[in-house]
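The values are calculated or read from the model by the stated rules, or taken from the named source; none is laboratory data. On a predicted model such as this, the values are computed, not experimentally measured, just so you know. All Cβ positions, even for glycine, are placed from backbone atoms using ideal geometry, and neighbour counts span all protein chains on display. To get the accessible areas, we keep the full protein, side chains included, count just its heavy atoms, and leave off ligands, DNA and RNA. Shrake-Rupley method; radii C 1.70, N 1.55, O 1.52, S 1.80 Å.
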Amino acid sequence: MLDFNHQPTLSEKLTDLIDTALQTENQAQTPRNYLGASRLGVACDRALQFEFTNTAVDEGRTFTGRTLRIFAAGHIFEDLAINWLRQAGFDLYTETASGGQFGFAAVNGRLCGHVDGVLAGGPESIGKDYPALWECKSLNAKSWKDTVKRGVTLSKPVYAAQIALYQAYMEEQIPGISSNPAMFTAINKDTAELYFEWVPFNGELAQRASDRGVRVIQATDAGELLPRISKDPAHYECKFCSWQDRCWQGGA
């Protein structure tokens, strides 16, 4: 039941002002004109097409201020992890010699990826070979615990595809990065617990992800709408998709 006599608290007022500013800033950003390589592990080909073409999401599916705050906090956690690893003795690079972010472009610049970092060395007690790709994610407690229990490949297939693809495409720039396992770092946002995992290069997964990216781009250029992941709009992947209405109600 609505309370028409409710007066917004200070927290509600300020949160609303902050969220409105964040949403305005987000909406003003120039949409990217490429397919993000980090997304090629997403389950649905058609959702990737919508994402690639910057198709407007369904009404009510835009990022909320709270979601944007969560994204911003994730960047802070990544910065913390960088400092922690360096303090622990890792030689971690997050920028190229010219000051830009490590990354790659393929398919005439229409498939791109940006790398969190590259490990050039580490403590002797770790006993691994370098260079090694470094990928960092911050997760809520439930998601973090599942990753610890099952490993990134089973728990987070999107991240696993991202890591494999990045190792493959960065090999030309940094020889040896696909020969050595990548370091995956997960931070529990609720408790600050850390999880580290060495992820061996999976060439087959990298090839599948790369082929998928090319398929999405080529199908989009040809005006072909790729299949959905499911024939049921109530499928859990479809329920939480930002383009569910557009996809299922003929607006695609």
Sorted peptide list for 170-182, 35-47, criterion being average Cβ within 10 angstrom, highest first: 35-47, 170-182
Radius of gyration, Dmax [region 23-150; alpha carbons; angstrom]: 17.4, 53
Where the chain is the region considered: accessible area per residue in Å², 1.4 Å probe: 58 Å²
Region 55-125 - charge dipole about Cα centre, Lys and Arg +1 at Cβ, Asp and Glu -1, debye rounded to 20: 240 debye
Contact order normalised by residue count of region 96-214, Cα under 8 Å, 6+ apart, percent: 25 percent
Given 10 as the ceiling on other Cβ atoms within 10 Å, longest exposed-site-free region of the chain for chymotrypsin sites (Phe, Trp or Tyr not before Pro) in DSSP loops: 5-239
Separation in nanometres of the label points that stand 7 Å from Cα toward Cβ, at GLN218 and ARG150: 3.2 nm
Alpha-carbon Debye profile of region 137-252, log10 I(q)/I(0) at 0.18, 0.22 Å⁻¹: -1.05, -1.15
Rounded, prolate or oblate (a/c below 1.5 giving rounded, otherwise prolate when a/b exceeds b/c) for the chain by Cα gyration tensor: oblate
Check: region 160-216 dipole with +1 on Lys, Arg Cβ and -1 on Asp, Glu Cβ, in debye: 220 debye
With every protein chain in place, the chain: carbon and sulfur % of accessible area (1.4 Å): 52 percent
Two-site label geometry, SER98 and THR53: point separation in nm, points 7 Å out along Cα→Cβ: 3.3 nm
